[in-house]
1. Open to solvent by less than 20 Å² (accessible area, probe 1.4 Å), out of contact with any helix residue (DSSP H, G or I) (no Cβ under 8 Å at 6 or more places or on another chain), acidic (Asp, Glu) and closer than 30 Å to ALA317 by Cα, is that true of GLU211?
2. Report every pair of residues separated by at least 6 positions or lying on different chains whose Cβ atoms are under 7 Å apart, first residue within segment 240-251 and on the phi < 0 side of the Ramachandran plot, second assigned to a loop (DSSP other than H, G, I, E, B).
3. Considering only segment 20-58, state which residues are among the polar types (S, T, N, Q) and more than 23 Å from ASP355 (Cβ to Cβ).
4. Please work out if ALA615 is crowded, with 16+ Cβ neighbours inside 10 Å, of a type in the set (A, V, I, L, M), closer than 29 Å to GLY84 by Cα and modelled with pLDDT of 90 or more.
5. Among the residues that make up segment 361-369, is at least one of them over 29 Å from SER191 (Cα atoms), surrounded by fewer than 23 Cβ atoms within 10 Å (Cβ to Cβ), free of Cβ contacts under 8 Å to residues at least 40 places away in the same chain and not hydrophobic (A, V, I, L, M, F, W, C)?
6. Being touching a Pro at 6+ places or on another chain (Cβ under 7 Å), farther than 24 Å from ARG347 by Cα and basic (Lys, Arg) is true for just one of ARG406, ARG374, ARG397, ARG401. Which residue is that?
7. For ILE152, state whether it is over 30 Å from ARG613 (Cα atoms), of a type in the set (A, V, I, L, M) and modelled with pLDDT of 90 or more.
8. Select the helices (runs of 4 or more DSSP H) contained entirely in segment 12-112, then report the ones holding at least 2 residues which are farther than 30 Å from ALA263 by Cβ, in contact with a strand residue (DSSP E or B) (Cβ under 7 Å, 6 or more places away or on another chain) and without any contact (Cβ under 8 Å) to a residue 40 or more places away in the chain.
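The values are calculated or read from the model by the stated rules, or taken from the named source; none is laboratory data. Predicted model only: the values in this text are computed from it and were never measured. Every residue, glycine as well, gets a Cβ built from its backbone with ideal geometry; the counts of neighbours run over all protein chains shown. Surface areas here come from the heavy atoms of the whole protein model, side chains and all, with no ligands, DNA or RNA. Shrake-Rupley method; radii C 1.70, N 1.55, O 1.52, S 1.80 Å.
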Amino acid sequence: MTIKRILIANRGEIACRIIRTVQKTGREAIAVYSTADAHAAHRQLADRAIAIGEAPASQSYLSIDAVIGAAKRTGADAVHPGYGFLSENAAFADACVEAGLIFVGPPASAIALMGDKASAKRHMLERGVPCVPGYQGNAQDDNSLIAAANEIGLPVMIKAAAGGGGRGMRVVQDQAALPAALALARSEALSAFGSDVLIIERAIHAPRHVEVQIFADAHDNIIHLGERDCSMQRRHQKIIEEAPCPVVDDGLRERMGTAAIQAASAIGYRGAGTVEFLLDGEGEFYFLEMNTRLQVEHPVTELITGLDLVDLQIRVAEGEPLPLAQADVQLRGHAMEARLYAEDPARDFLPQSGDVAYFKPADAALARTDAGVRSGDTISPFYDPMLAKIIAHGSTRDEARRKLIRALECTALLGVVSNRDFLVDALRTPVFSAGETTTAFVDSEMSGAIAPALTDTDIAIAATVWFAHEQGLALAASTHVATELLGWSSDASLSSTFSFLRDDNLHSVVITPSAARRCTVRIGEAGIDTEIIHVDRQHADLIVADSRVCVDFALSANRLWFATRDRTIGLALPDSTPVSEDDEQAERLRAPMHGKVCSVDVTVGQQVAKGDRLAVIEAMKMQHEIHARRDVLVSAIHVNVDQQISADQLMIEFDTASA
C-alpha cells in the first residue's frame, strides 16, 4: 500500500525531523499538539495540525484514543510514533492496525516482548545471546528484590522493566540504600510507563554502551548498519553519541552485528530497531535491551551510511523490500552527535523551563542541527528537556570531534540555562579525545561542574553589549544620531553605569565612550578598553582588550544573556529579584523548577539534618529529590502531594535560629 498522508504522533525535534522527510518524499505530514504546544515548531512545520488535548502527556501525547481519533479525522494513511511517548506501546500499535492505519514500526508482538525488559532478557538467554547477570522474576516485593540484589552482589542496577531513557533506573552501592532506591524507581517507572515492575542487574564497572542499528523488512531480510557508542551519559541518559565506536574493530563489529540480527530474527522484527549492549574492557559484550523504534541518535548512522532512516522506515511500512543488502552497507568517516538540553550541569543537571529568548543554530555547512525549538518558544515543564541535536561528520574521528566543538561554539541558546558549555568542555577532555569514554565518564571526569565565575572580560563584554544595545540602538532609532556620536554631548563623553545582580550582590561598572565606537569599562580600579565593530538586535562584534569577540545576546525577563564561543552567561538586572541557593534553604525552600510534588518528606516542627530528603518533585519525566543543605527546623509547609507548582514557588519554611 502506498502511504500518502502520515500523522506524526510526537512533538519537538523528532516530530520536525520526521516531518521534513515525509514532505521531502512527496507525502503530507500531519502534526498533533497539546495546549502547551499550540505555537510549537512542529505544528508550524507540518502541512496540517490538530489539537489532541491538555498539556500533561497523559491527556494528549500518551492518549491512544486522542491520537487515533486525530488520524481518523485527518484522513491519515499511517502513523509514525517517533520515539518516546507511544512509540513502544504495543496497545497503540494494535490500535493503529485495528483502525485501518499503517503503524510505521514493528509488529505489536515484538514491541510487547522487547518492551518488558524482564521477558526480553529471558528470551535472549534462551537463544544464547549473552546477558548481564540479574533478576527478572515475578516476585516484586521489597524483600524479594533486596534478596535478589544481595545474591547478585552489590553494586546493582535497578531498572524499570517497561522503560528506558533512564527513567526508573537507579545504581545502588550499599544495602542500606536499597529500600529508598526501590521506592523511587517504582514511582518513576509507574509515572513514566504505567508499570512499576522492576528488574535488577549486576552493575558492570565502567563499561561502554554500544548499540547496533538493525533494519528488517517483511521479506525476511535483516541487516545491520554498524554500531554507535553511547557511553557519555548523565542520569543514565545519553548526551554525546558517535559512530562508529572507536574501539570496535571489524571482527567485533561482525560478532555484535550477528548477535543483533539474531535477536531481531528471534522475535519476527520489522522496521528500524536498536539492540543495545554493554561492552567491557576485555571485549566481551552483554545484551542490555532492544529499542523497538527509531533512536534519538540515529543521525550519526545516517551521516556515515548516507541513508535516510525515516525514509527506510516508511518504505518498509509500505511493504517494500530493503533497497540494500548487508554487503552494500558502507561506513564512511565518523559522526558525532551532542544533545542540547535545557538543564543546569552545575545543579546536578536539573531541568530548566521558561522562554527561549534567542536560539541560533550553527551553520548547516558545519553541522546538521535537528531542533524543535525557535526563538520565542516556551520550554514546558511537561516534557523532556532535550531541545536540539547537533551532529557533525568528518573523515576521521578527530575531525568530527573538532567540527562538533566548533558547531556548539556557534550555537546560541539564551533565556534558559543549557548544557552547551558542558558539552564543549566534555568534548575537549583528553579522555574523550583519545576515545576512551565509558559510562563512568561524567562522574569521573566531569564531576563537580560549577557555574563559571565571572571574569573582568565577561563583565566588560556584558557592559559593552548593554551599552551598545540599550543606549546606542535606542538613541539611534529615536533621534537618528550616528553610531559614532552615541554617548557623547557637546561638552564631553557621557558615562553610563551598568549594574547587575550576581549571588544577590549588586555589582556596578562604569562605561565611558573614549572615541568613535570605543569605550572604557571601569571595574573597580581596573579599566578595560572595548570597541564596537558591529551591533544589531542580537549580535555584536567587539574588540575587548585587543581580542576579537563575537557575542550573541538577548534581554529577557530582566536578565541579560550573552554567549561567546567559550561561555554562556545570564546576568540579573537590578530590578529583578532572584533568590540565591543559599537563601532558598537558609530560611525557605523554593521550587527549583516547574513540576508536580510527588512527596513531602518532612512535617512542621521536625528537626532536619543536613542531607535529609525534604521533598520529591517530578519534572520533565524525571523525579528529583531535594535535600537539606544544613540543619534546620521545619516551621511551615506550603505545598501538598500531587500539587502542580511553579519554579521559585515557596514550598517549605525553616526556623534557622532553632536548628
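1. yes
2. GLU241/GLU297; PRO244/LEU331; PRO246/GLY435; VAL247/GLY435
3. Answer for segment 20-58, where residues must be among the polar types (S, T, N, Q) and more than 23 Å from ASP355 (Cβ to Cβ): THR21, GLN23, THR25, SER58.
4. Yes.
5. The answer is no; no qualifying residue exists.
6. Going through ARG406, ARG374, ARG397, ARG401 in turn, just one is touching a Pro at 6+ places or on another chain (Cβ under 7 Å), farther than 24 Å from ARG347 by Cα and basic (Lys, Arg): ARG397.
7. Judged against the criteria, ILE152 is not a match.
8. Counting at least 2 such residues, we get 12-24, 64-74.
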